[in-house]
Amino acid sequence: MQILYINNDGGGFADHIDVADGTTVRALFEQRIGGKPVNYLIRVNRQPAPADYVLQPGDRVSFTPTKIEGA
Amino acid sequence: MPLPQKTLIRAALRLHERLRQFRTRSPDVILPISAWEQCRRLARKEQRAHARGWDQAALFLRDSLVIAVRSLQMDVDRLCTFADRPESGALLSPGEIFRELRALEREFDDVTCDLKAETLSVTTEPIVLDDYGFGAFEIKLCWGRLDKHDCYEVIAVEPNYPGSRSDVTHPHVQNNQLCEGDATEPIRRAIAEGRLSDFFLVVTQTLGTYNASSPYVPLGRWSGTTVSCADCGYDMDEDDSYYCERCDVSVCSECNRCCTQCCWCHCTSCSRTCEACGSDVCRRCIALCQDCSHPFCERCLHDGRCAECRSLPDPATNQTDAATPCAEARDADAAVHPAGVGEALVPA
């Protein structure tokens, strides 16, 4: 299934990607980001979501680091 | 209090139209000429100050130059970002932008939308960095100028200025402009695609992060208890600093000097070295030889002249100072002693 995946860590790209049916938010995070989820604001359809939320087709998922260094 | 639906719908439509125009139009290429000229002026002044021995002024100008170069770097980075403007991300539909606006009300307590001024603002929670409180900030997006590099402002609700600067309200905010650093790309893409919630979240997280390697004002100097050495720039606690009695600045223990004549503390800028004995003398106690104009302490000057100048023949009389060893040696060979006939006591 396709979801909109937004990674605000680094380039800030927003892409439609394919994920397997039944993929949870936690699984997607581990696949795409790794590290500690506590260091990110994780939003599904612009709202906080539990880690075991199962992604649905067309969902909008964003990962935003809590620490972003200015200059 | 949530914004009226009608307001949000209108805002979403107008934002979508502005974004569509912004994406289809080539960006104005604005070269940072004034920022470059500012750097040139400051660099010239600093060189002049160094050449004249105005170390204090040179230090101040160096600090100003560093800030100006950072500002120039920001302008160049923005230019590069606009030159490589991302085209791959699709622009959200007006309906999606409407949902973005609704999401802002869930993320932030205070969201305002001014259709006439074409601005959309959120207010953050109070920002605290390493126990320093900066209060809340208003992030104001001006959708009327989305194609400009300053299309948004970061405004301190109750500014907490550092002691020395009234243009800095946060270590990474100057004149209400965030120095984006690592946030540059995510911010640009989020704006270009209409992902407003991402834009405001990224700016908020950047405000909540302290980058010690390049702030406008370091946290340690924010409340004024830390001072910088006027000579070397070292940051130290005020209690550990030394005070230059001559020019009223603070210096560190390494740069502190003690005058061998008056025993007062002074900075290296106020320090002079006697050319004869090499001792540290402050600029008030140093004196210049009236002949060669070189600096000497009072012990190494006699009647305003240094030993070397006193040993040279006086052009008017072709005589040297009689007190000098060289003069005495020459006089010893004379047929008649110039001081008179030599006499000696003879016992009766």
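The values are calculated or read from the model by the stated rules, or taken from the named source; none is laboratory data. Just so it is clear, the model here is predicted, and its values are computed rather than measured. When we count neighbours, we look across all protein chains shown, and the Cβ atoms used for this are built from the backbone with ideal geometry, even at glycine.
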Any idea which of A:Leu55, A:Leu28, A:Leu41 is buried (at least 16 other Cβ atoms within 10 Å of the Cβ), more than 23 Å from B:Phe199 (Cα to Cα) and modelled with pLDDT of 90 or more?
-> A:Leu55
Scan the range A:19-55 residue by residue and report those that are more than 25 Å from B:Arg188 (Cα to Cα) and assigned to a strand (DSSP E or B).
-> A:Thr24, A:Val54
Taking strands (runs of 3 or more DSSP E) that do not extend beyond the range B:232-348, which have at least 2 residues that are at pLDDT 80 or above and surrounded by fewer than 15 Cβ atoms within 10 Å (Cβ to Cβ)?
-> none
Scan the range B:103-154 for residues that are surrounded by fewer than 16 Cβ atoms within 10 Å (Cβ to Cβ) and under 23 Å from B:Met74 (Cβ atoms) and jot them down.
-> B:Gly144, B:Arg145, B:Lys148, B:Asp150
Given the residues B:Cys229, B:Cys255, B:Cys259, B:Cys244, which is the only one that is in contact with an Asp or Glu (Cβ under 6 Å, 6 or more places away or on another chain) and either touching a residue at least 24 places away in the same chain (Cβ under 8 Å) or basic (Lys, Arg) (or both)?
-> B:Cys255
Please work out which one of (1) in a strand (DSSP E or B); (2) over 10 Å from the mean Cα position of the chain (by Cα); (3) closer than 16 Å to B:Leu201 by Cα is the condition A:Thr64 fails and give its number.
-> (2)
Quick one: what pairs do we get from the range B:194-217, first residue assigned by TED's automatic domain parsing to the domain that holds B:Pro126 and among the charged types (D, E, K, R), second crowded, with 20+ Cβ neighbours inside 10 Å and in a helix (DSSP H, G or I), C-beta under 6 Å, 6+ apart or different chains?
-> B:Asp198/B:Ala190
Listed by range, strands (runs of 3 or more DSSP E) wholly within the range B:148-229 having at least 2 residues that are away from chain A (no Cβ under 13 Å) are B:152-156, B:226-228
Taking the range B:85-134 and keeping residues without any contact (Cβ under 8 Å) to a residue 60 or more places away in the chain and assigned to a loop (DSSP other than H, G, I, E, B) leaves B:Ser88, B:Asp109, B:Lys116, B:Ala117, B:Glu125, B:Pro126, B:Asp131
Unique match (being among the aliphatic types (A, V, I, L, M) and either under 30 Å from B:Ala230 (Cα atoms) or modelled with pLDDT of 85 or more (or both)) among B:Leu72, B:Leu79, B:Leu31 | B:Leu72
Of a type outside the set (Val, Ile, Thr) and within 14 Å of A:Gly58 (Cβ to Cβ), is that true of A:Tyr5?
-> yes
Considering only residues that are away from every other protein chain (no Cβ under 13 Å) and hydrophobic (A, V, I, L, M, F, W, C), look in the range B:97-133 and name the one that is nearest to B:Thr209 (Cα to Cα).
-> B:Val128
